[in-house]
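**Student:** A single structure is presented below for examination.
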Amino acid sequence: MKKTNIIPTLWYYTYRSLIEIALFFYFKKVKIYGKHHIPQKGAILFICNHQNALLDPLLVGTSCGKKTYFLARSDVFRNAIIAKILRSLRMMPVFRIRDGRHSLKNNDATFDTSVSLLLEKKQILIFPEGSHKLKRAVRPLSKGFTRIVFKALKKNPNLHLQIIPVGVSYQQATKFPDNVSVHYGAAIDARAYWDEEQPRNATLQLKEACSNSLKELTVHLEDSSYQSQLESLEGKNADFTAVREIHKYLKDPNSGLPVSNSKIYWIAHAIRYVRKICFFPLELIWHFKVFPKIKEREFISTLRFGFGKGYVPIQLIGVCAILSKTMGWETALVYFAAHILLLYVHKRWC
């Protein structure tokens, strides 16, 4: 009988639950579509478009219903302590050309581990675009994920390996709170593309099939008309989380454009200022210490999310401890409940 290590499992599910709670308070709405496409069991490779740094894997990882492994950019593993935490959460580093050509050989270990996991009928999430970018378009896919797929099939040609494409679409990726949709597409049977005699052709065909699927699952604007279409959609206040409706509108403008309800009422402004006052110390740290150091716009939401997830509970617990000592636990409880309610109302209204 296979032994289960309780402590790592408990740590994983505890942290995952905390992430789910934090995501609940961070986004106004998280809309999930197509979960019925995800197989109940077996080897699964989730492939996803990549716009918003670490929020993309968190959204997919918490919504897919699987205990998924992740491939993440290697630079987030540079700190030894952080690397240990990330590995405990089933994240593995993948190296890019920008990390130095010599570092690419380190991918062999990650790819071999990924192959072994698939052969054990585990689930992996990978971002085949190779980098993140806020542009509303699916970029060319790298061949790294096809190496993993075909290496697994070479070792076990009968492996029922399903590729599930995932499209993540944000309304305003750098704003808070925001709306987001996650679309799971129909499974792609990897065995249908495996051709040991013509591996290059097999790679091209699988990349094309996956790319076409991703383009249908998120808002994809072609380069030839990208700027004009984007300005038109933004000018009409399009709801970018309504992916299918956006695609339909781009093909037929008479079909009607889904519009985002972005009107801010006076009460929402009041709630926003109350939140800023209640979390004034954190607002100062964010605006003067954290935000100025962000070099890539794609990391704004990730760092805001991480900052809030880490420091909001610390402030709440700290103030509650002081109130409990000075004014009684009843006052501390009222303070805690009022702030949780404020966070909920803020994310719903603002």
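The numbers here are math on the coordinates, done by the rules we state, and not lab data. Just so it is clear, the model here is predicted, and its values are computed rather than measured. In this analysis, Cβ positions are derived from the backbone assuming ideal geometry, glycine residues included, and neighbour counts consider all displayed protein chains.
**Student:** So how far apart, in nm, are the two label points at H269 and K28 if each is 7 Å from Cα heading toward Cβ?
**Tutor:** My value for the distance between the label points is 1.7 nm.
**Student:** Work out the FRET efficiency for L342 and K295 from their Cβ-Cβ distance, taking R0 = 45 Å, and round it to the nearest 0.05. Before the final figure, lay out the partial values.
**Tutor:** Working: r = 32 Å, r/R0 = 0.71.
Using R0 = 45 Å, I get an efficiency of 0.90.
**Student:** Name the long-range amide H neighbours of I294: under 5 Å, sequence gap of 5 or more, or other chain; modelled H, no Pro or chain starts.
**Tutor:** Placed amide hydrogens put nothing under 5 Å from I294.
**Student:** Obtain the nm distance between the two label points defined at E20 and S260 by a simple spin-label model: each point lies 7 Å from its Cα along the Cα-to-C-beta direction.
**Tutor:** So the label points at E20 and S260 sit 2.7 nm apart.
**Student:** Whole angstrom only: what separates the Cα centroid of segment 13-70 from the Cα centroid of segment 120-193?
**Tutor:** Cα centres, segment 13-70 to segment 120-193: 12 Å.
**Student:** For segment 191-350, what is the charge dipole size about the Cα centre, in debye to the nearest 20, if Lys and Arg each add +1 at the Cβ and Asp and Glu each add -1 at the Cβ? List each step's numbers first, then the result.
**Tutor:** Working: 21 positive and 16 negative charges, 183 e Å.
I would put it at about 880 debye.
**Student:** Additional query: For the chain, modelled as a GNM with alpha-carbon contacts under 10 angstrom, which of T110, T68, T14 fluctuates the most?
**Tutor:** T14
**Student:** On alpha carbon coordinates alone, what is the Rg over Rh value for segment 266-349, Rh being the Kirkwood radius?
**Tutor:** 1.02
**Student:** While we're on this one: For the chain, what does the helix formula give at 222 nm: sum of -39500 (n - 2.57) over DSSP H segments with n ≥ 4, over the residue count, nearest 500 deg cm²/dmol?
**Tutor:** Mean residue ellipticity, 222 nm, calculated: -15500 deg cm²/dmol.
**Student:** If you don't mind, another one. If you build the Cα gyration tensor of segment 35-161 and take the root of 5 times each eigenvalue, what three semi-axes come out, in whole angstrom, biggest first?
**Tutor:** 22, 18, 16
**Student:** Label segment 147-207 by shape, choosing from rounded, prolate and oblate, from the square roots a ≥ b ≥ c of the eigenvalues of the Cα gyration tensor; if a/c is under 1.5 it is rounded, and otherwise prolate applies when a/b is larger than b/c, oblate when it is not.
**Tutor:** In terms of gyration-tensor shape, prolate.
**Student:** Can you work out the FRET efficiency for the pair E197 and F176, with r the C-beta to C-beta distance and R0 = 51 Å, to the nearest 0.05?
**Tutor:** The computed FRET efficiency comes out at 0.50.
**Student:** Same structure again: Could you calculate the FRET efficiency of N79 with T331 from 1/(1 + (r/R0)^6), where r is the beta carbon distance between them and R0 is 56 Å, rounded to 0.05?
**Tutor:** The formula returns an efficiency of 0.90 here.
**Student:** Which percent of Cα pairs goes in each bin when the distances of the chain are cut into 10 angstrom slices starting at zero?
**Tutor:** All Cα pairs considered, the percentages come to 5, 21, 30, 25, 13, 5, 1, 0.
**Student:** Using the number of other C-beta atoms within 10 angstrom as an exposure proxy, rank F46, F176 with the fewest first.
**Tutor:** The order, fewest Cβ neighbours first, is F176, F46.
**Student:** Quick one: which residues, 5 or more positions from L125 or on another chain, have an amide H under 5 Å from its amide H? H modelled 1.01 Å from N in the peptide plane, none for Pro or chain starts.
**Tutor:** HN-HN under 5 Å from L125: F46, Y69, F70, L71.
**Student:** Using label points projected 7 Å from each Cα along Cα→Cβ, tell me how many nm separate I322 and K105, to one decimal.
**Tutor:** The two pseudo-label positions are separated by 5.5 nm.
**Student:** Turning to a different aspect of this structure: Dipole of segment 6-220, Cα-centred, from +1 at each Lys and Arg C-beta and -1 at each Asp and Glu C-beta, to the nearest 20 debye? Provide the component values of the computation, followed by the final result.
**Tutor:** Working: 33 positive and 15 negative charges, 76 e Å.
With Lys and Arg at +1 and Asp and Glu at -1, about 360 debye.
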